[in-house]
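Where a number appears in this text, it was derived from the coordinates with a stated rule and is not lab data. On a predicted model such as this, the values are computed, not experimentally measured, just so you know. No Cβ is skipped: glycine too gets one built from the backbone with ideal geometry, and neighbour counts run over all protein chains shown.
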Ligand code: FBP
């Protein structure tokens, strides 16, 4: 018998080869071609900057007088008129421009493709500089030249790792002077701020300041955020990052629904990121059809109290239980607490107290001392409500706001608050069947057998928070193409000498229309840290929108049976790889959501 020759294995070294973001998948997606709008394709087939022309559409500010007072220079320049990008057949070469780009706020998938788009459109004759660690890096002047070879490593990859990010608000005179120093020191002709509503507010203020100082440096915003609240109707259906995040969450929620139906014992309470707006929750609900999905904006509109909300949820749980279904998935938007009328009133009171007595409260050594100081300054109703909240939530509500004055809702465990109250109510329903079951208004009809079955059921809950895992995933093909187009648009705007605009893309079903939206047209007045401030307006869910109506028309059905669907993992190629968010397709009036069209696919080449 001959001994079998042992085969030499390369496996250990193959594993090492995948270090530094070189998994089989990462290597493959770097090579994926990106759809490019024909506006950016020259006669030679190469990437070419767009030109811009005025459209007939102009924004009317919510607070016209105040906006004009705060932004006189940029308002006079843009007149709030929307610009459209057009293809240049014989573009005049623009050379020697130096453009800085920074990420601001939370990460969102596609950020690296913005950089690739910028590099591609600026070409060899201009310089792209990266700002390390967001607005803070801009203030410090922490810039470096971005090389094509570096971008080839990050194209189509997720996260903001290449530059980093932070949430510094730029609003004081000394901060503006620091920005000026950076502009002069690095001889900048343009600053691109990739961010959400707060970051684009920064962009609007910096643009105005530099204009006042007669410094010829364009400031352009790029709409980024997973939250979906950086949108402006037909002009800007959505920001980049939303599609990827909602698809990641939808996969996980689909898996949880499957788990609930398999193990037949758990109610999964899933809090979904999205800060204020419930746009993420709405999209995930349309993708997965869970038993319950709460939409904060509807709760505020209908003035639904916490008690009423808990009652409504327990009613659905009970109806399912009577059918023998003692499991399900409940989606909870991250910002819910801010929309429940009595908690929202409490937060507003707290914001006022925290703003008025900021220093006194800061100096108090313990949490107990802070609470003792705050309680007497609240109305009796709010004080009573706060005292009834779990300790950790009480603590989160009085903790410092972020730099932009937002309550840190991602840190508030709303899902646990609801679980606690729902458990109590569900057990009450079981204990007092005569009150809740039978004939008559508000009562649930049930047979003795069903009630017996109900008594044998216990409420097993699991809580989850899906947030950070959705922000830095590999961009979907849509986000990859969309972010790339935004980079091309912003770069073109700087080369055209425009300032005070946000790059935008619309008509995702028709090859992509390129737009530039005047930042001042998106500004409104909001209460932040108890004071009125000019900020870019958040786009929230409206109950009259087609996407909400589609959800509302089906939710009862989804509540009473297991009709969930599992969209599965994000697909970068294959049948589901060209989907856009269902909410976007519905609200924009597209014929379907399965195939976006942002132009012809191209393997983008760019050199230093
Ligand atoms: P942006 O608006 O900056 O994109 O951030 C969105 C977000 O992911 C929210 O959904 C969430 O509430 C928040 O960031 C969390 O912020 P942090 O990273 O500071 O914890």
Practice prompt. Using only C-alpha atoms and all pairs of different ones, pull out the Kirkwood radius for segment 1-80 in Å with one decimal.
Written response: 19.8 Å
Item to complete: Only Cα pairs under 8 Å and at least 6 apart count here; give the relative contact order of segment 243-470 as a rounded whole percent.
Response: 31 percent
Discussion item. I want the antiparallel fraction of DSSP beta bridges within the chain, as a percent rounded to 5.
Written reply: 45 percent
Worksheet item: Relative to the longest principal axis of the chain, what angle (0 to 90°, nearest 10) does the C-alpha long axis of helix 242-263 take?
Response: 30 degrees
Worksheet item: Between residue 447 and residue 348, what length comes free when the chain is fully extended (0.36 nm per residue of separation minus the Cα-Cα distance, one decimal in nm)?
Response: 31.0 nm
Worksheet entry | Rh (Kirkwood; distinct C-alpha pairs) - the chain, Å | 25.9 Å
Worksheet item: From the Cα gyration tensor of segment 147-258, with a ≥ b ≥ c the square roots of its eigenvalues, which class applies: rounded if a/c is under 1.5, or else prolate if a/b is larger than b/c, or else oblate?
Response: prolate
Worksheet item: Cα-based Rg (one decimal) and Dmax (whole number) for segment 243-470, in Å?
Response: 19.3, 62
Discussion item. Can you tell me how segment 352-507 classifies by the Cα gyration tensor, rounded, prolate or oblate, using a/c under 1.5 as the rounded cut?
Written reply: oblate
Discussion item. Please compute the length gained on full extension between residue 383 and residue 26, using 0.36 nm multiplied by the number of residues separating them and subtracting their Cα-Cα distance.
Written reply: 123.3 nm
Item to complete: Using only Cα atoms, find the angle between the long axis of helix 111-122 and the longest principal axis of the chain, and express it within 0 to 90 degrees, rounded to the nearest 10.
Response: 20 degrees
Item to complete: Kindly state, to the nearest 0.05, the FRET efficiency for residue 44 paired with residue 184, given R0 = 41 Å and r defined as their beta-carbon distance.
Response: 0.65
Worksheet entry | MRE, 222 nm, helices only [DSSP H, n ≥ 4, -39500 (n - 2.57), over the chain, to nearest 500] | -12500 deg cm²/dmol
Fill in: Gain in span if fully extended, residue 261 to residue 395, counting 0.36 nm per residue against the direct Cα distance
44.7 nm
Worksheet item: Got the relative contact order for the chain handy, in percent, Cα pairs under 8 Å and 6 or more residues apart?
Response: 25 percent
Worksheet item: What distance in nm separates the simple spin-label points at residue 553 and residue 433, each placed 7 Å from Cα in the Cβ direction?
Response: 3.9 nm
Worksheet item: Pairing the Cα long axis of helix 414-431 with the longest principal axis of the chain, what angle in degrees results, from 0 to 90 and rounded to the nearest 10?
Response: 20 degrees
